[in-house]
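See below for the structure under consideration.
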Amino acid sequence: MITLAFCAVVIILLVAFNLLPLGSWLQIMQFCYYLMFIGLSLILMEKRRYAPSPLDYARLSEPDYSEQQLHDALTRAENVMLKLKAYKKIGLRLKEFARAADVDPTLLAIATRTLLKRNFRAFVYHYRLEYAKKILMRSDVRVTDVARRLGFDSERFLSEIFVKYVHKMAQDDKTGDKQDSDNLF
């Protein structure tokens, strides 16, 4: 864009000093705008992946892991989550967490989806909400402070998720069914 502006200024100066006839000036400017439009369109249509996914989508679509492998991966992930208190880290990524837990990211994604019936974000939110529940019940901390500390967008978001979470846990306790649903998060 800056290049186009510079070219436009140069062409206008050439026209002002009668070094370029007026008809050519209009055609050149229109041609420059056309080239810039085409160039920007091609740049914007280019496929880019700024944050490459750590998942192997071929294995994700057709998982071939045993139940034992899934349980082992999930156990390692839960232990690392509690040991490192990874749920406190704002912006936790699957790739970083899988590396810390020494688990393949695709295996971890399949394990959380198959065994817990939730995705990685919901897996992390579970620990964050348990931590928030513990803090709010044991101290006088404001909900805003807890939301900010745990990386939730706002107090309102934390409150809504927290209410859903507590109701879901109460229902699970009443029915004896510990299986989480996908609509929780």
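Distance from a point 7 Å along Cα→Cβ of D172 to each backbone N in segment 129-154: keep the residues under 13 Å and list them by number.
Counting backbone N atoms under 13 Å from the label point, the list is 129-131.
Let me spell out the model: positive unit charges on the Cβ of Lys and Arg, negative unit charges on the Cβ of Asp and Glu, origin at the Cα centre of the chain. What dipole size does that give, in debye rounded to 20?
600 debye
Please report, largest first and rounded to whole Å, the three semi-axes of the ellipsoid equivalent to the chain, where each semi-axis is the square root of five times an eigenvalue of the C-alpha gyration tensor.
55, 24, 15
Multiply the residue gap between S53 and F31 by 0.36 nm, knock off their C-alpha separation, and tell me the result in nm, one decimal place.
So the chain would gain 3.9 nm between S53 and F31.
What does the charge count around K85 come to, taking other residues whose C-beta lies under 15 Å from its C-beta (Lys +1, Arg +1, Asp -1, Glu -1)?
+3
If you scale each eigenvalue of the Cα gyration tensor by 5 and take the root, what three semi-axes come out for segment 2-45, rounded to whole angstrom and sorted largest first?
Largest first, segment 2-45 gives 24, 11, 4 Å.
Can you work out the Karplus-derived ³J(HN,Hα) for every residue in segment 7-13? Use 6.51 cos²θ - 1.76 cosθ + 1.60 with θ = phi - 60°, whole Hz, and x for glycine or proline.
Those phi angles translate into 4, 4, 5, 4, 5, 4, 5 Hz.
Averaging sequence separations of C-alpha pairs under 8 Å and six or more residues apart, then dividing by the length of the chain, give the relative contact order as a whole percent.
16 percent
Express the C-alpha Rg of segment 1-97 as a ratio against the empirical globular expectation 2.2 N^0.38 Å, rounded to two decimals.
2.27
Springs between alpha-carbon pairs under 10 angstrom, Gaussian network model over the chain: which of A147, A16, A58 fluctuates most?
A16
Step through the table entries K95/K168; K117/K164; K88/K174; K133/K174, compare each Cα-Cα distance with 22 Å, and write down the pairs that go over it.
Those over the limit are K95/K168; K88/K174.
For segment 151-156, take each phi angle, set θ = phi - 60°, evaluate the Karplus expression 6.51 cos²θ - 1.76 cosθ + 1.60, and give the result in whole Hz per residue in order, putting x for glycine and proline.
Listing the rounded values in order: x, 6, 4, 7, 5, 4 Hz.
Read-outs: derived from the displayed coordinates by stated rules, not from any lab. Everything numeric in this text was worked out from a predicted model, so none of it was measured. All Cβ positions, glycine included, derive from the backbone under ideal geometry; neighbour counts span all protein chains shown.
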